[in-house]
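Following: one structure in structure tokens, then a few remarks.
The values are calculated or read from the model by the stated rules, or taken from the named source; none is laboratory data. Everything numeric here is computed off the predicted structure, so don't read it as measured data. Every residue, glycine as well, gets a Cβ built from its backbone with ideal geometry; the counts of neighbours run over all protein chains shown.
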């Protein structure tokens, strides 16, 4: 369930993330997406992972220990998939980047993505799949 003030909370989260650096275990693409979910719903789906790894390989190993192939599989287990054309602001999107599959946050016709160079934008048309955050 979305918080009544989810839009303001998400906007504030994205503004903070835009000024932050990519850090595995703190602010990588998976934890960026989880932080957006927390802003929208008040619940952090990655609370058990946050701050518990320092490299992406270790993060993937922790996901594998939980039974997930990757961060996208975790998102898929938590949220219903919807067609990209039906995605709402605050939903999650899987996009392909030069660094591999990434989870981003839908905002209108754009997807915010956290990569090694910081936060960037991709068009929603680049989304392979989108997941409804309710």
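Quick rundown of the values:
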read-out: Residue among 98, 69, 61, 93 that is within 17 Å of residue 133 (Cα to Cα) and either in contact with a strand residue (DSSP E or B) (Cβ under 8 Å, 6 or more places away or on another chain) or free of Cβ contacts under 8 Å to residues at least 24 places away in the same chain (or both); value: 93
read-out: Single unsatisfied condition, residue 121 versus (1) touching a residue at least 12 places away in the same chain (Cβ under 8 Å); (2) within 21 Å of residue 11 (Cβ to Cβ); (3) touching a strand residue (DSSP E or B) at 6+ places or on another chain (Cβ under 7 Å); (4) not in a helix (DSSP H, G or I); value: (1)
read-out: Considering residues of region 65-77 that are out of contact with any helix residue (DSSP H, G or I) (no Cβ under 8 Å at 6 or more places or on another chain) and surrounded by fewer than 17 Cβ atoms within 10 Å (Cβ to Cβ) only, the residue nearest to residue 32 (Cα to Cα); value: 77
read-out: Per-region count, region 95-110, residues buried (at least 24 other Cβ atoms within 10 Å of the Cβ) and over 10 Å from the mean Cα position of the chain (by Cα); value: 0
read-out: Test: residue in region 94-101 that is in contact with a helix residue (DSSP H, G or I) (Cβ under 6 Å, 6 or more places away or on another chain), modelled with pLDDT under 95, within 17 Å of residue 22 (Cβ to Cβ) and in a strand (DSSP E or B); value: yes
read-out: Region 42-78, residues that are assigned to a helix (DSSP H, G or I) and within 13 Å of the chain's Cα centre (by Cα); value: 71, 72, 73, 74, 75, 76, 78
read-out: Among residues of region 1-53, those that are without any contact (Cβ under 8 Å) to a residue 24 or more places away in the chain, closer than 21 Å to residue 99 by Cα and loosely packed, with under 15 Cβ neighbours inside 10 Å, counted; value: 2
